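Here is the structure we will look at, set down as structure tokens.
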């Protein structure tokens, strides 16, 4: 209630010091240098893709075993969606399938950490580094999950979190290694306000 009272007294109902403090605290918790709070988890993914100049003509590999927001964010950014298969044991992206999906237009692999699971991150990091593509993380269900001492969202170029009640928690944020991601994403938020600026015409491809 003290936080609510501070917001009411400040008159800053959007952004403001409370959001800034949250961004700093969440970045520290995740082990990243930067974090930007945005409207929702889908915005976090879309704006981060746009900040990396991933859009029309580019491909992003991800999983079909995810919420619709993950794939919509890729399509709204204008990129082409490539759906890889999952490992039936864990319902996470299958490494061999992602290898088969890799092509000249691939710009990123978007991992979706489901059910609190973070797995084989060194393998994914090495793969993306060797392929010269971005490793991205959808962490909507892995708040606080750790792999070898590092938190989900701290392995790739950026991680996107959602605090929607049906996820593991109930604010949206994207911690990132580079300050340019949050900065460019905030600028991009204004450019994405109108639906006319979004291109959702791409057709998903499957491995």
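The values are calculated or read from the model by the stated rules, or taken from the named source; none is laboratory data. Keep in mind it's a predicted model, so treat the numbers as computed, not measured. Virtual Cβ from ideal backbone geometry, glycine too; neighbours counted across all protein chains shown.
Do we find a residue being touching a strand residue (DSSP E or B) at 6+ places or on another chain (Cβ under 8 Å) and modelled with pLDDT of 55 or more anywhere in segment 199-206? No, there is no match, as no residue in segment 199-206 is touching a strand residue (DSSP E or B) at 6+ places or on another chain (Cβ under 8 Å) and modelled with pLDDT of 55 or more. Could you go through segment 97-109 and let me know if any residue there is touching a helix residue (DSSP H, G or I) at 6+ places or on another chain (Cβ under 8 Å), more than 16 Å from residue 48 (Cα to Cα) and assigned to a helix (DSSP H, G or I). Yes; the residues of segment 97-109 include at least one that is touching a helix residue (DSSP H, G or I) at 6+ places or on another chain (Cβ under 8 Å), more than 16 Å from residue 48 (Cα to Cα) and assigned to a helix (DSSP H, G or I).
Regarding residue 103, is this residue over 12 Å from residue 45 (Cβ atoms) and either under 16 Å from the mean Cα position of the chain (by Cα) or crowded, with 21+ Cβ neighbours inside 10 Å (or both)? So residue 103 fails the test.
This table checks each residue for (1) in contact with a helix residue (DSSP H, G or I) (Cβ under 7 Å, 6 or more places away or on another chain); (2) in a helix (DSSP H, G or I).
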residue	(1), (2)
4	no, yes
13	yes, no
20	no, yes
36	yes, no
48	yes, yes
53	no, no
65	no, no
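Restricted to strands (runs of 3 or more DSSP E) entirely inside segment 114-198, those with at least 2 residues that are modelled with pLDDT of 95 or more are 134-138.
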